[in-house]
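These notes concern the structure reproduced below.
The values are calculated or read from the model by the stated rules, or taken from the named source; none is laboratory data. Small disclaimer: the values here were computed from a predicted structure and weren't measured. All Cβ positions, even for glycine, are placed from backbone atoms using ideal geometry, and neighbour counts span all protein chains on display.
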Amino acid sequence: MPLFPVPVHSLGAVQRVLLVALLVPVVLIAVAAAVPAMIFLPFFSGGTERVTQLLGSFTTYARTLLTTSRPGP
């Protein structure tokens, strides 16, 4: 009796969907928590650079999440 009722090659796709589905809400919560900072920081000295760093961090995190969750060949 097979351990998995689904073919092994389709588990990679399911794994990616589950990983992204679990981590996307975490990223959205982090972005929502940072919105007040993104609104008020540009009015302080050096705030624009901090907002740019925040957006760069969120972009890098999202890109890493999507590219490293791809199933292997």
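A few notes on this one:
- The set of residues in segment 25-43 being exposed (fewer than 14 other Cβ atoms within 10 Å of the Cβ), under 22 Å from Leu66 (Cβ atoms) and in contact (Cβ under 8 Å) with a residue 12 or more places away in the chain consists of Ala30 alone.
- Flag if Phe44 is modelled with pLDDT of 85 or more and of a type in the set (Phe, Trp, Tyr): yes
- The set of residues in segment 44-70 being part of a loop (DSSP other than H, G, I, E, B), of a type in the set (Gly, Ala, Ser) and either surrounded by 14 or more Cβ atoms within 10 Å (Cβ to Cβ) or touching a residue at least 40 places away in the same chain (Cβ under 8 Å) (or both) consists of Ser69 alone.
- If you filter segment 1-16 down to residues that are in a helix (DSSP H, G or I) and loosely packed, with under 11 Cβ neighbours inside 10 Å, you find that the one that is modelled with the highest pLDDT is His9.
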